[in-house]
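Asks: Pasting in a structure now, in structure tokens, and then I'll have a few things to ask.
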Protein chains: 2
Amino acid sequence: MTKQRHPEYTCSMEAALSVISGKWKVKILNQLMDGPRRYSEIRRSIDGMTEKMLSQQLRELEEDKILTRKVYPEVPPRVEYAFTELGKELASIFYALEKWGAHFLTVNSDTIKVADASCYTFREPVAEAV
Amino acid sequence: MTKQRHPEYTCSMEAALSVISGKWKVKILNQLMDGPRRYSEIRRSIDGMTEKMLSQQLRELEEDKILTRKVYPEVPPRVEYAFTELGKELASIFYALEKWGAHFLTVNSDTIKVADASCYTFREPVAEAV
DNA sequence: CCGTATCCCATGCGATACTG
DNA sequence: CAGTATCGCATGGGATACGG
């Protein structure tokens, strides 16, 4: 009787939030913006995250079909993580969220401190033919 | 030495997520989409939320300048909550998030169950003259 | 009507050590 | 290199009771 990570949602919004909530997921996804990344690349790029959290979050994101995990049968082993199409579609939302966050910090600059206003690289997706 | 709710963020994205994360905030904000709402209206409209959580979350949202709290000096007392401009700007993000969530649920329909695909009312903001 | 105070538990996450 | 296992604590949130 293992615990279900997605019990049952009352609506799609709740489901969406469950995917991006948590301390590390957005940071991890940010690292994949410019293409596939190896486990060790992601780990080195995110300060303060333990290996336990990285692999746990990666497994959950894979389970949710946000990213893919590809193992290369080499020595030493190589594993690469990359966005699925579903994952790529989060980019524009993250871009908008970060812009809103900057505005939020401006409005609350008297009470909230921030080290670096924009440390993410989410961008508007390039226009594609439909 | 009271605990700081916003310790210090490394970036604006982190700050943005801190505002909308938590079990109830998006649900509460959703209730304000069509204009100001009274405390009791919000409470009745959200199933399963205790009064403690409602007032706690409302205070935090007020502190973060997402909404305003207006007390009417009447008997019986009346208190109304409404979006600030900053709060209103979240609407388009929530709209996009909910749409993405619907897609997410479709892709994962084999493993994730949902009661009601769209229970929120976030909309694209109406165009305004700049 | 509109809240607060207290208590308590589940979960998320960190620290550390170990493995194919 | 790319992970897993175990332990333990801090925090978020539920239940319940009380206050202006």
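Asks: Take B:E62 and tell me if it is surrounded by 14 or more Cβ atoms within 10 Å (Cβ to Cβ), farther than 27 Å from A:W24 by Cβ and within 11 Å of DNA strand C (Cβ to nearest atom).
Replies: Spelling it out, B:E62 is indeed surrounded by 14 or more Cβ atoms within 10 Å (Cβ to Cβ), farther than 27 Å from A:W24 by Cβ and within 11 Å of DNA strand C (Cβ to nearest atom).
Asks: Among the residues of the stretch A:71-83, write down those that are crowded, with 16+ Cβ neighbours inside 10 Å and away from DNA strand D (no atom under 11 Å from the Cβ).
Replies: The answer is A:F83, and nothing else.
Asks: Need at least 2 residues that are among the hydroxyl-bearing types (S, T, Y) and more than 10 Å from chain A (Cβ to nearest Cβ) per element, so show me which helices (runs of 4 or more DSSP H) inside the stretch B:29-130 make the cut, counting only ones lying wholly within it.
Replies: B:39-45
Asks: Here's something else I'd like to know. From B:L32, B:L17, B:L97, B:L67, which residue is surrounded by 20 or more Cβ atoms within 10 Å (Cβ to Cβ), within 16 Å of DNA strand C (Cβ to nearest atom) and within 30 Å of A:D64 (Cα to Cα)?
Replies: B:L17
Asks: Within the stretch B:10-17, identify whether any single residue is acidic (D, E), within 12 Å of the chain's Cα centre (by Cα) and either more than 18 Å from A:E14 (Cβ to Cβ) or in a helix (DSSP H, G or I) (or both), and answer yes or no.
Replies: Within the stretch B:10-17, none of the residues are acidic (D, E), within 12 Å of the chain's Cα centre (by Cα) and either more than 18 Å from A:E14 (Cβ to Cβ) or in a helix (DSSP H, G or I) (or both).
Asks: Still on this structure, please answer the following. Would you be able to say whether some residue in the stretch B:56-70 is within 12 Å of DNA strand D (Cβ to nearest atom), at positive phi and of a type outside the set (K, R)?
Replies: no
Read-outs: derived from the displayed coordinates by stated rules, not from any lab. Remember, it's a predicted structure, so these values are computed and weren't measured experimentally. In this analysis, Cβ positions are derived from the backbone assuming ideal geometry, glycine residues included, and neighbour counts consider all displayed protein chains.
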